[in-house]
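Each reported figure results from applying straightforward, stated rules to the coordinates on display, with no laboratory input. Because the structure is a prediction, the values reported are computed rather than measured. Here the Cβ positions follow ideal geometry from the backbone for every residue, glycine too, while neighbour counts run over all protein chains shown.
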Protein chains: 2
Amino acid sequence: MENKRELFQVLTRRFGLLNKNCCSIGTVEISTIQSHILYEIDKQHEPSMQQIADTLAMDITTFSRQIQTLAKMELVKKTPSTQDKRVYILSLTVQGKFVATSIDESMNNYLNEVFSHMNEFERETVIRSLELLNKAMSKSNVCCSTMC
Amino acid sequence: MENKRELFQVLTRRFGLLNKNCCSIGTVEISTIQSHILYEIDKQHEPSMQQIADTLAMDITTFSRQIQTLAKMELVKKTPSTQDKRVYILSLTVQGKFVATSIDESMNNYLNEVFSHMNEFERETVIRSLELLNKAMSKSNVCCSTMC
DNA sequence: TTTAATAGTTGCAATTTGCAAGTAATTGTT
DNA sequence: AACAATTACTTGCAAATTGCAACTATTAAA
């Protein structure tokens, strides 16, 4: 079984597609990156801009502008931190929360549909394997800056 | 185990990173998409532009310009088809082949490193699971345009 | 107190994107 | 054979996205 690369190449592509096809909720259209940003703001506890940008491995300047856009769309709110006046705390607005939840639902629908093509045993094995893979990738010291 | 979404969100991100960190071979710098293009041209048999663009689910106009760039870099060659004069057959130049092979090697190195954090049993299970997942995703009728 | 580091914002300039509209060649229809 | 409809690919925008360099403001370190 030595076509790992092939497998990853295709999976990467599929994940990319999966990634892109979030992203229109009612009249609101958001990009892939924006959906990741919403996801992380929702997940983390009172995150600063730098924190989310780091999590997503994004350039802070690009991130800053994305947040400006999301703030204009009234999906994200920037609140100056009282502890440190350099910092903004990010949070979702009600609408932002709604959008994030909608995306979450449709993602779950999609994933359930995908896993419906497997039997219970396969499902469990695959999930456990993805967890293993995730862990292994996080341990890797090759990825990602040193990779080439 | 109902945090599928979480798992996929992070994996998607990792795969994205993995994807980006190909791409400088000696003095040659290529983008993620370009590396996918090289990969597919190498893999397919005398592919036309439309074929590769379809495989990668890319807009044909974007693709056309990417190929122009790769041709200027002398990594890809466009040969007019003799069968159908509307069509160009794509192929890798010697340099293009070299770049594709180099990327392949470093990807394999990376993947081997990742899998080195598992024992033999886990490795096999994970690979088999990824194959299953891949198959299930390809069967899905929700993905990708209908997804939201 | 001065210096260094951190958080975040702007000014470019380059690249990338996709739609609309185009050319050229091929296929289908009558 | 003649005309219409498709297909393969290219170009013209105009908008969006990118990252580096340089900036302000604040905080931490010497």
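The rotation axis taking chain A to chain B passes closest to the C-beta of one chain A residue; that residue and the distance in whole Å read A:SER129, 2. Placing a label point 7 Å from Cα along the Cα-to-Cβ axis, B:SER102 is separated from the same position in the other copies by 4.6 nm, shortest listed first.
Using the Karplus relation 6.51 cos²θ - 1.76 cosθ + 1.60 with θ = phi - 60°, the per-residue 3J(HN,Hα) values for region A:88-101 come to 10, 8, 9, 8, 8, 6, 4, 5, x, 4, 4, 4, 4, 5 Hz, with x marking Gly and Pro. Distances, shortest first, from the label point of B:THR79 to those at the same position in the other copies read 6.5 nm; the point lies 7 Å along Cα to C-beta. Below 8 Å, C-alpha to C-alpha, sequence gap of six or more: please give me the relative contact order for region B:1-85 in percent. Relative contact order here is 15 percent.
Just to verify a number: FRET efficiency for B:GLN44 and A:THR61, C-beta to C-beta distance, R0 = 35 Å, to 0.05? Can you show the working numbers first?
Working: r = 38 Å, r/R0 = 1.10.
So, using R0 = 35 Å, E works out to roughly 0.35.
Checking the a/c ratio against 1.5 first, then a/b against b/c, what shape does the Cα gyration tensor give for region B:75-148? Don't skip to the end; give the middle numbers.
On the way: a/c = 3.59, a/b = 1.40, b/c = 2.57.
Here region B:75-148 falls in the oblate category.
Please sort by residue number the trypsin sites (Lys or Arg not before Pro) in region B:61-95 whose DSSP state is loop and whose Cβ has at most 10 other Cβ atoms within 10 Å. Passing sites in region B:61-95 are B:LYS85, B:ARG86.
Of the chymotrypsin sites (Phe, Trp or Tyr not before Pro) found in region B:1-89, none is in coil by DSSP with at most 14 other Cβ atoms within 10 Å of its Cβ.
Starting from the alpha-carbon convex hull of the protein assembly as shown, give the projected area averaged over all orientations, in nm². Write down the numbers at each step before the final one.
Details: hull surface 71.8 nm².
If you wrap the Cα atoms of the protein assembly as shown in a convex hull and average its projections, you get 18.0 nm².
Take A:LYS20, push a point 7 Å out from Cα through the beta-carbon direction, and compare it with the same point in every other copy: 1.8 nm, smallest first. Computed on chain B, with alpha-carbon pairs under 8 angstrom and 6+ residues apart, the relative contact order is 18 percent. Between helix B:120-139 and chain B, what is the angle of the helix's C-alpha long axis to the longest principal axis, kept within 0 to 90° and rounded to the nearest 10? Between helix and principal axis, roughly 60 degrees.
From its DSSP helices (H runs of at least four residues, each -39,500 (n - 2.57)), chain A gives a residue-normalised ellipticity at 222 nm of -20000 deg cm²/dmol.
For region B:25-45, the residues whose backbone nitrogen is under 16 Å from a point 7 Å from the Cα of B:GLU74, taken along Cα to Cβ, are B:26-29. Cβ crowding within 10 Å ranks B:VAL94, B:VAL99 as B:VAL94, B:VAL99, fewest other Cβ atoms first. Peptide A:119-131 is shielded by partner chain Cβ atoms: per residue, an average of 5 of them sit within 10 Å of its Cβ.
Compute the Cα gyration tensor for region A:11-51, then decide on rounded, prolate or oblate, letting a ≥ b ≥ c be the square roots of its eigenvalues: rounded whenever a/c is under 1.5, prolate when a/b is larger than b/c in the other cases, and oblate in all that remain. Verdict is oblate for region A:11-51.
Can you give the average number of partner chain beta-carbon atoms within 10 Å of each beta-carbon in peptide B:105-118, as a whole number? Write out the running numbers ahead of the final one.
On the way: counts 2, 3, 6, 4, 3, 11, 9, 2, 8, 11, 6, 4, 8, 6.
What the average comes to for B:105-118 is 6.
Amide H to amide H distances under 5 Å link A:TYR88 with A:MET49, A:SER81, where only residues 5 or more positions off or on other chains count and H is placed in the peptide plane.
Please arrange A:HIS117, A:HIS36, A:HIS45 by how many other C-beta atoms lie within 10 Å of their C-beta, fewest to most.
On the way: A:HIS117 16, A:HIS36 23, A:HIS45 6.
Ascending Cβ contact count within 10 Å gives the list A:HIS45, A:HIS117, A:HIS36.
Need one number for region A:20-140: average projected area of the convex hull over its C-alpha atoms, nm².
Numbers: hull surface 37.0 nm².
Mean projected area for region A:20-140: 9.2 nm², to one decimal.
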